[in-house]
1. Of all residues in the stretch 291-325, count the ones that are farther than 21 Å from Asp475 by Cα, in contact with a helix residue (DSSP H, G or I) (Cβ under 7 Å, 6 or more places away or on another chain) and not acidic (Asp, Glu).
2. Check off (1) without any contact (Cβ under 8 Å) to a residue 40 or more places away in the chain; (2) assigned to a helix (DSSP H, G or I) for Arg264 and give me the number that stays unchecked.
3. Within the stretch 67-79, identify whether any single residue is among the hydroxyl-bearing types (Ser, Thr, Tyr), touching a helix residue (DSSP H, G or I) at 6+ places or on another chain (Cβ under 7 Å) and modelled with pLDDT of 95 or more, and answer yes or no.
4. Would you check which residues across the stretch 483-497 are buried (at least 17 other Cβ atoms within 10 Å of the Cβ) and β-branched (Val, Ile, Thr) and list them?
5. Conditions: (1) of a type outside the set (Phe, Trp, Tyr); (2) in contact with a Ser or Thr (Cβ under 6 Å, 6 or more places away or on another chain); (3) surrounded by fewer than 15 Cβ atoms within 10 Å (Cβ to Cβ). Thr500 meets all but one. Number of the miss?
6. How many residues are on the phi > 0 side of the Ramachandran plot and among the small types (Gly, Ala, Ser) if we restrict to the stretch 377-405?
7. Among the residues in the stretch 309-320, are any in a helix (DSSP H, G or I), buried (at least 24 other Cβ atoms within 10 Å of the Cβ) and more than 17 Å from the chain's Cα centre (by Cα)?
Amino acid sequence: MEKAWYKEGIVYQIYPRSFKDSNNDGIGDIKGIIEKIPYLKDLGVAIVWLSPVYKSPMEDNGYDISDYQDIAPVFGDLSDMKKLIKELHKVKIKLVMDLVINHSSSEHDWFKKSVKRVGKYSDYYHWEDKPRNWTGFFGGKAWSYNEERKQYYLHLFSKGQPDLNWDNPELRSDIKKMITYWLELGVDGFRCDVINLIAKNNLHPRGRKRLILTGREHYLSYPNLHKYLHELNRDVFSKYDCFTVGETVFVSPKDGVLLTSPKRKELDMVFQFEHMDADNYFVKWFIKKFKPMNLKKPLSNWQNNVNEKGWNTLFLESHDQPRSINRFGSLAFHDESAKMLATMLYFQQGTPFIYQGQEIGMTNISFDNLEDYQDVETHNIYKLMRKMLFSKKRIMKKIKYVSRDNGRTPMQWDDSKNAGFSDQKPWLKVNPNYKDINVAKEHLDKDSIYNYYKKIIKLRKVYPVIVYGKYRDIDFNNKSLFIYRRYDKTNELIVLCNFTDKDYTMDKFEYKNHKLILSNYKENDDFVLKPYEARVYYK
């Protein structure tokens, strides 16, 4: 298998608005990130992925970009961005930026010119005289009327996020120039936002009626996607020592191999979300009780079908996901389950992604009032469900569990005012449990979740089999345990994880010739796994 720095390094995702506020306006910023570089170095991460800091009206917290080559004043300016790149590189940490090229903001100059039908910009977006029946990802119709142009435009997300028309070669040329601009500034790669939506059926026919995402057959992984990605790789990415990770919704392992195969030269890896359905029915707003097998099956499926053909990403949290302890672990066994989930995930084959706060066990916020949520998706879904006659109580129960704001609460640095995030009122309320869950406290405890993450990161550097070894399930049908083997010609790892809050008695202990190199309990019984216990054996 071809070796690469982006396979061996651990990625740490920063949601800038919530990471660290340096100027006390209640919003995190680039200077705040620079201030915390020693923290990132101490943790041991090799790559930082920065959620959007581009100029934006912030309808979707920066994922609606009005200028791809400038910084939103709320985060700083270009000089701050250049300094961040420089300071990260000083300590050998690479920087990956979000690349949002499925859509722009309606405030972008391209869209304003497209509305006025100015030259080449006239069809930089999707326009129709009559709206199609497609629906989008935030609920509701995906085509909206523009009074000035007297036509309807496509937006798969909010109305302020019009979709770009990738069939236009001049648009693609402008996007390539923009990407090159950032690579020349020293950026080391990109997380490509909803990248498998960029290709559309430009005949824009009526879509097949569905409960959700009507018309998705015309925009979800549409065939020209591969052509566009290959073109981006050939003309831009291949000319730099960078890596690309695509956010790809509703894809199979077969799709993943097509997108990440080194021979095809499209993307280096993809985020897929099949395992994120472990506690819901197809989409997160239709909740079901979590069962460990619902997490094990998709993770195993991707491991077994992508290994040696492409490359996986290993993640449980992001700015778009609730906290993993609330979903797949246990608040009653907070530390144990946080460590177990990290063990289960980061010893599989793929590049590990840690989302800010995950390494200290941050949990969902669960606001009681809708007004406390800032997320546009949350408010849109609330309106949609009220129209569908769901009760307020039932909708709020869903929101408390799945809202994206669960993962966006300010980073909990210490037990001082506002968790050390800011001296002023934060843009989003701090989780009240910051008094017990914070970085300062975790640093002082050698058995903390934070220090456990550091152990995992160090082990990946000591044992190359964790990165490049093959994967095989053990006792796959066991509904309580997740056990697997990582191996190469001379090394073997056995990973055991108990997903229950009860002791699990094993019939026999098969690993007595192996060395125990990691456990989330101080004492281990050869034949009994304690609640949410995790172990890693090496031979």
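1. The qualifying residues number 13.
2. Of (1) without any contact (Cβ under 8 Å) to a residue 40 or more places away in the chain; (2) assigned to a helix (DSSP H, G or I), only one is false for Arg264: (2).
3. Yes, the stretch 67-79 contains at least one residue that is among the hydroxyl-bearing types (Ser, Thr, Tyr), touching a helix residue (DSSP H, G or I) at 6+ places or on another chain (Cβ under 7 Å) and modelled with pLDDT of 95 or more.
4. Ile483, Ile494, Val495
5. Exception for Thr500: condition (3).
6. Total meeting the criteria: 0.
7. No, the stretch 309-320 has no match at all.
Every residue, every condition in (1) more than 30 Å from Lys20 (Cβ to Cβ); (2) touching a Leu at 6+ places or on another chain (Cβ under 6 Å); (3) touching a residue at least 40 places away in the same chain (Cβ under 8 Å), yes or no:
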position: Lys296; (1), (2), (3): yes, no, yes
position: Trp302; (1), (2), (3): yes, no, yes
position: Asn305; (1), (2), (3): yes, no, yes
position: Lys309; (1), (2), (3): yes, no, yes
position: Phe315; (1), (2), (3): no, no, yes
position: Met344; (1), (2), (3): no, no, yes
position: Pro352; (1), (2), (3): no, yes, yes
position: Ile365; (1), (2), (3): no, no, yes
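The values are calculated or read from the model by the stated rules, or taken from the named source; none is laboratory data. Here the structure is a predicted model, which is why all the values come from computation and not from measurement. Please note: Cβ atoms are built from the backbone with ideal geometry, for glycine as well, and neighbour counts cover all protein chains shown.
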